[in-house]
Amino acid sequence: MNVVLIPLLSLSQIMIPHLVNRWRLRRTATALLILTLIICSLSGCGSYSQSTQHSRVALLQGRADLAVAELNTQLEVERGSESELLLILERALALQQNGEYHGSSKDLIRADSELEMIDYTKTPLKDLGVYLYSDDSSPYRPSPFEKAMVNVLNIVNFLMLNEWSRAKVEARRLGVLESYWGENLSKESRQNLGQLKRFVHWLKAFTFIATGSPTLAHKEAELGGFQLPSVPERSPGAKYSPVIVISASGMVPHKVAQRLPLGRALLYIGPHPHWSARERQALARIQAKGLVKWLNFPTLSNGVEGRTASIRVNQLQASPTAQVDLTRLAERAYEDAKPLLITAAITRLISRALVGGITESLVKKKSNGAVGLLVGLIAEGAMASADTPDTRSWTTLPAQLNLYWLWLPPGTHQLRLVNGAHPWQTQVSVSGDGRPITFNVPLSRSMASGQDSPHRE
Amino acid sequence: MTRSTPCYSLIILGFSLYLAACGPRYLRSGEDASFEGSAMSTRLDRHDLEKMFKRADGSLSKAGLMKHWKALNRDGQQVTLAVLSIENETSEHVDTSLMTLVKKLETNLINEGVVTVVSRSHQPELLREIKSQGSSAFDQAQVAIMGRQLGAQYLMTGKLYDIAEKSSNGRRVQYFLFMQVIEVETGAIRWQIEVDALKGLTAG
C-alpha cells in the first residue's frame, strides 16, 4: 500500500498549490477520470494463463467434462479474439481426455489449418506492437513442439477411433513440418524435438501393424532407431493382438505474468531533514516517475510434474515403451524465446517513458509543470497497465506422455496403470484374430474398474 | 432546425447503408464467380474434383477397355465392375472428397449402362477383412479373391498421393491421382490414368 501512497502524497504536495484555479481543476479532473477509467478497464483484463486456470484444475482433478464446459463458455466470449485458436487447442485436449475423440480431432484439424494461415500472415504492425505497446498484441505463434503436438494428439484421436488412414495423414503432416524445420530450426532445436519424433515413429509403426503392413512398421522402427516388440510365439490358430496404451500425466509449465516495479527502490529514499521544499518536491517527482516504471514479461511456472508409471498386465509389470517429456520441451521453448521477450519488455518500458515524457512536456507548455507531470504519469501508467505480459501457450498439455506396447494372447486380461494417486485399470478381451486394441488413459483418474471399453477395429 | 441538420442526416444515412452492405450474406451457385472459384484450403474442392473427374472419365470412355466392354454389351454380355474406394496417401484430410469422386465415377458408369456396377455397401467390411489378413487391398495377389467375393470381373481402384512442401514463402501440395481397372481373372491392369492437381498457400 505504501508503494502507492507515498508517491501519491508526495505528488499531492506538488499538485495542490497549482490546482486552485477552478476551471483548470475541472479540466484536470475530467482528464484524470477518463484516464483512470481506461487504466481500470485495461488492468481488469487478466492474463491468458489466468483465464484458463479453472480448466487446468478440472483436468488435473480428472474432471475433463468440467474443463470442456469451462472452455466452451470461454470460447463463446473469446470468439474472434487472438486467444480463440489457443482455446480451441485447450478444448481439443480436454475433449480427448473426456473420450470425445471425434470432437477433439475436429478441433485439432481446425487449429492446424488456422496455424498454417498464421504462419503465412504478415502482421508487421501487430508485431511492432510487441516492442511498443503490449506483449500480446501480435497473433499467437506456437513453439515447434506445440505445433507438433497438434498432429501427435490427432494421431492418438484417430488411433482411438480406429481410423488408421487418417492417423497416417496426421503423421504425414508432421513429416512435412519436420522437413520445414530442417531448413528453419537450429540443430539444437531439432535435437530437442527428437524424443517427440521418436514417439511419432512408434505411433506410426503401430498404425502400420494395425493395417497389416509389418514391413512398413519395421521401416518406421528403423527410422526411429528402435526395435519393435517381438510377437510372442503363437499357439496354433490364435493370433496375438497388438495393444497400445497411451497415458498422459502432469501438466506442462505455463507462462505467468511478471511485473517488476523498477522504481520501487526509489521509495526507500527519504528526504533529508535539511532539504528545502524545492528539493523535497524534486525527490517526490523522481519517486512518482519511478512508480510507473514497470518491466512486464512472462516467466515460466513450475507446472505439474509428470510421472513414469509402469503398467501391470495380469500382475506382470511392464515399463513404458516410449516417452516424451513435454515439460523439458516447454522449458526449452521458453529459454529459446526469452531473449526476445526481455528485449521487447525493455523497449516497451522505454517507449512508455518516452510517451510519458512527451505528454508531460506538451501539457507543460499549455498549463504548468505539475499538471504536465501528472498527465505524463497517467499516460505512462495507463500504458504500463495495458501492457499485458504474453502468457499465451497451450497450457493444458500433459507434462509427460507414455506409450506401452503389448502383445496379448487370446483371452481376458487385467491392465492396471498406477499413475500417482490415481490408478487406472480395465479388463480387455482378446479374441484371437490379431486385431489391434488401443487405450488412452486420461491425465488423472479415480479407481474405476471396467469403465473403459477397449476401442477395437 | 439548423442548416447542417440535413447534411448530418445524409452522412448518418450513408454510413448506415455502408454498414448494412458490409454484413455477411448467403450465396448460391452462379452469384459470385470469384467466390466459387477461389481456393479456401489446400484440400480438394469442387473445382479440383471436377477436373479430376473429367480427365479420368474422359480417358476411360476413350480407352480400348471401354470399346471392349461396349462390344461385349452389344453381344449381350455385360461385364460386372466393382468400384473400390480411393486410398488417401496424402498429408491432407481429403477422404470425403475422394468418396465424392468415386461416387461421381460410379454414377456415370451406372448411367452409361455399359457395365454392371457392383454395390459398394459391403466393401468396407471386405477391405477390412483382407487387411486384417495382412495384405494391402490393392495387392495384386488379393485381386482375384476380392473379385470373386464381390462377384466382379473387373475392379476399379485408385490411390491419391501428394508431394507436400512447406517453406517460409508458402505451402504447396501437388496431388497425383492414380486410377486403374484390373481384370480379376488375369490380374492384368486394363486401364490406368494419372491426374494431377495443385493447391497452395502463399505468404501475404
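The values are calculated or read from the model by the stated rules, or taken from the named source; none is laboratory data. Bear in mind the structure is a predicted one, so any value in this text is a computation, not a measurement. Note that we place each Cβ from the backbone using ideal geometry, even for glycine, and neighbour counts take in every protein chain shown.
Any chance segment B:26-37 includes a residue that's exposed (fewer than 10 other Cβ atoms within 10 Å of the Cβ), among the charged types (D, E, K, R) and closer than 30 Å to A:Glu116 by Cβ?
Yes: segment B:26-37 contains one or more residues that are exposed (fewer than 10 other Cβ atoms within 10 Å of the Cβ), among the charged types (D, E, K, R) and closer than 30 Å to A:Glu116 by Cβ.
I need the full set of residues from segment B:154-204 which are of a type outside the set (Gly, Ala, Ser), more than 24 Å from the chain's Cα centre (by Cα), away from chain A (no Cβ under 12 Å) and surrounded by fewer than 20 Cβ atoms within 10 Å (Cβ to Cβ), in order please.
Passing the criteria: B:Glu185, B:Thr186.
Quick check on A:Arg141: is it within 14 Å of chain B (Cβ to nearest Cβ), outside any helix (DSSP H, G or I) and touching a helix residue (DSSP H, G or I) at 6+ places or on another chain (Cβ under 8 Å)?
Yes.
Within segment A:181-192, restricting attention to residues that are part of a helix (DSSP H, G or I) and within 15 Å of A:Glu146 (Cβ to Cβ), which residue is farthest from the other protein chains (Cβ to nearest Cβ)?
My answer is A:Asn192.
For A:Arg198, state whether it is of a type in the set (D, E, K, R) and out of contact with any Asp or Glu (no Cβ under 9 Å at 6 or more places or on another chain).
Criteria met by A:Arg198.
Considering segment B:17-37 alone, what residues qualify as being more than 30 Å from B:Glu50 (Cβ to Cβ) and modelled with pLDDT of 70 or more?
B:Gly23 - this is the single residue of segment B:17-37 that is more than 30 Å from B:Glu50 (Cβ to Cβ) and modelled with pLDDT of 70 or more.
Considering A:Ser143, A:Ser137, A:Ser104, A:Ser83, which residue is modelled with pLDDT under 95 and over 15 Å from the mean Cα position of the chain (by Cα)?
Going through A:Ser143, A:Ser137, A:Ser104, A:Ser83 in turn, just one is modelled with pLDDT under 95 and over 15 Å from the mean Cα position of the chain (by Cα): A:Ser137.
I'm trying to understand the selection: among the residues of segment A:107-126, which are under 22 Å from the mean Cα position of the chain (by Cα) and away from every other protein chain (no Cβ under 14 Å)?
A:Lys126 - this is the single residue of segment A:107-126 that is under 22 Å from the mean Cα position of the chain (by Cα) and away from every other protein chain (no Cβ under 14 Å).
Residue-wise test of (1) loosely packed, with under 15 Cβ neighbours inside 10 Å; (2) among the polar types (S, T, N, Q); (3) within 14 Å of chain A (Cβ to nearest Cβ); (4) part of a helix (DSSP H, G or I).
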| position | (1), (2), (3), (4) |
| --- | --- |
| B:Lys67 | yes, no, no, yes |
| B:Leu81 | no, no, no, no |
| B:Leu84 | no, no, yes, no |
| B:Asn88 | no, yes, yes, no |
| B:Glu92 | no, no, yes, no |
| B:Lys104 | no, no, no, yes |
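Before we move on, is A:Val150 closer than 19 Å to A:His254 by Cβ and not charged (D, E, K, R)?
In short, yes.
Within segment A:306-320, how many residues are in a loop (DSSP other than H, G, I, E, B) and at pLDDT 85 or above?
So the count comes out to 3.
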